[in-house]
């Protein structure tokens, strides 16, 4: 399987073919490939150590969730919160697929007086919105996104989320969401209704 930025020998051969149509020989191809690898190595930048630790902690957390999984039943789903297991929710909704859709598709899992719960798929963008009668939270199952959140005082924060991340919007926060992954984002979305 070809990786996104991988260059094949055929591509190198095509790029190195001169105007007369002479194909480069294997030695020229190997020399060019070696030069590209040396250039890439010389230009590489080591990630900050805290990023390494963050990635390793995330992988450890996801592996622990898988190891300690419990089966969720669609007719008796728990409240979504910061301790919700990505793996358990992913398994619970694995069989639910969206139909053809433009940019956003919501599949209702539950609607009660206390909350509405969805599986949501988003291809590109969720426009700016604010809720005054509910608290919105979501657990990202697939893909990645960037949330732009403005509090009631006008202070903006940007939160980047990946697979397994949870966020809860505070009451009255304005937010929009941009999908940053190549594939659509898939999430469990919860609207917790405020008492009237």
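Bear in mind that the values in this text are calculations on the coordinates, not laboratory data. What you are looking at is a predicted structure, and each value in this text was computed from that prediction instead of being measured. Glycine gets a Cβ as well: all are built from the backbone with ideal geometry, and neighbour counts include every protein chain shown.
For the residues 153, 35, 46, a GNM of the chain with alpha-carbon springs under 10 Å puts the largest fluctuation on 35. Taking each DSSP H run with n ≥ 4 as -39500 (n - 2.57) and averaging over every residue of the chain yields -8500 deg cm²/dmol at 222 nm.
Helix 26-43 and the longest principal axis of the Cα set of the chain meet at an angle near 50°.
Answer with a single label: of (1) 17.1; (2) 16.2; (3) 19.7, which was calculated as mean projected area of the Cα convex hull in nm² from the structure in view? Checked against the structure: label (1). Can you compute the label reach from residue 91? Point 7 Å from Cα along the Cβ direction, backbone N cut-off under 17 Å, restricted to the range 164-196. Taking a point 7 Å out along Cα→Cβ of residue 91, the residues of the range 164-196 whose backbone N falls under 17 Å are 164. Can you bin the range 50-115 into rounded, prolate or oblate? Criterion: square roots of the alpha carbon gyration tensor eigenvalues sorted a ≥ b ≥ c, rounded for a/c under 1.5, prolate for a/b above b/c, oblate for the rest. In terms of gyration-tensor shape, prolate. Between 45, 158, 93, the Gaussian network model of the chain with springs among Cα atoms under 10 angstrom shows the greatest mean-square fluctuation at 45.
The relative contact order of the chain comes to 19 percent, based on Cα pairs under 8 Å that sit 6 or more residues apart.
Ordering 186, 155 from the fewest to the most neighbouring beta carbons within 10 Å gives 155, 186.
Would you mind ranking 79, 169 by Cβ crowding within 10 Å, fewest neighbours first?
Fewest to most other Cβ atoms nearby, the residues stand as 79, 169.
Computed from the Cβ-Cβ distance with R0 of 41 Å, the FRET efficiency linking residue 37 to residue 171 stands at 0.20.
Just to confirm the number: angle between the C-alpha axis of helix 49-67 and the first principal axis of the chain, 0 to 90 degrees, nearest 10? Once rounded, the angle reads 60 degrees. Between residue 182 and residue 130, the distance separating the two model label sites (each 7 Å from Cα on the Cα→Cβ line) works out to 3.8 nm.
Build a GNM of the chain with springs between Cα atoms under 10 Å apart, and of 115, 52, 22 the one that fluctuates most is 22.
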